[in-house]
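Taking it in order: structure first as C-alpha cells, then the write-up.
Read-outs throughout are calculated quantities, based only on the coordinates presented, and are distinct from any laboratory measurement. What you are looking at is a predicted structure, and each value in this text was computed from that prediction instead of being measured. Here the Cβ positions follow ideal geometry from the backbone for every residue, glycine too, while neighbour counts run over all protein chains shown.
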C-alpha cells in the first residue's frame, strides 16, 4: 500500500553517524565493477595482483600467480613494455577419472580457467638482455635492470 502523504528524508548510511555501518554507495559499486578481481569470478581468470618497486638501477616486480606452473606463464620485454601472460587449462581432470578413461562428473567447479595478459610500460629505458624471473610459492619475481643511460648516478661535488 502506497502512502502519498508519507515523506521521509533519505540520508546515506555514511552520513548517519557513528552507530551506522558504512554501506557502499552506487558510485562505489559502479567503480568496483571495473576492478579485475570483481570481473574474475564471471569472466575466467582475474588479473594477478602485482607490486612494482623501483631502485636506483632496476625495477622489481612481484606477481601473485597461485596455482600456475612456470610453463603456464610467459614473460616478454620489448620496447620498454613488459608483458605477462598466463593460461590455465580449461579441462577439469581427476586422477581417478583419467585412470578409468572417463572424465567423471563434476559437482562443483569454482576454480577459474582461462587466460590473462598484463603489460607494464617503463618510463626509462630498460635492458631486456639481463631480465631475470623466478617463481616460488605462487609468487613470480621479475627483476628488470635499467639501461646504463637510465640509471641514477650520484655526482660528487668538489670545491671550485
Ranked on Cβ counts within 10 Å of their own Cβ, fewest leading, 149, 85 go 149, 85
For 70, 105, 88, ascending order of other Cβ atoms within 10 Å (fewest first) is 105, 70, 88
For 146, 55, ascending order of other Cβ atoms within 10 Å (fewest first) is 55, 146
If the chain between residue 113 and residue 55 were fully extended at 0.36 nm per residue, the gain over the current Cα-Cα distance would be 17.4 nm
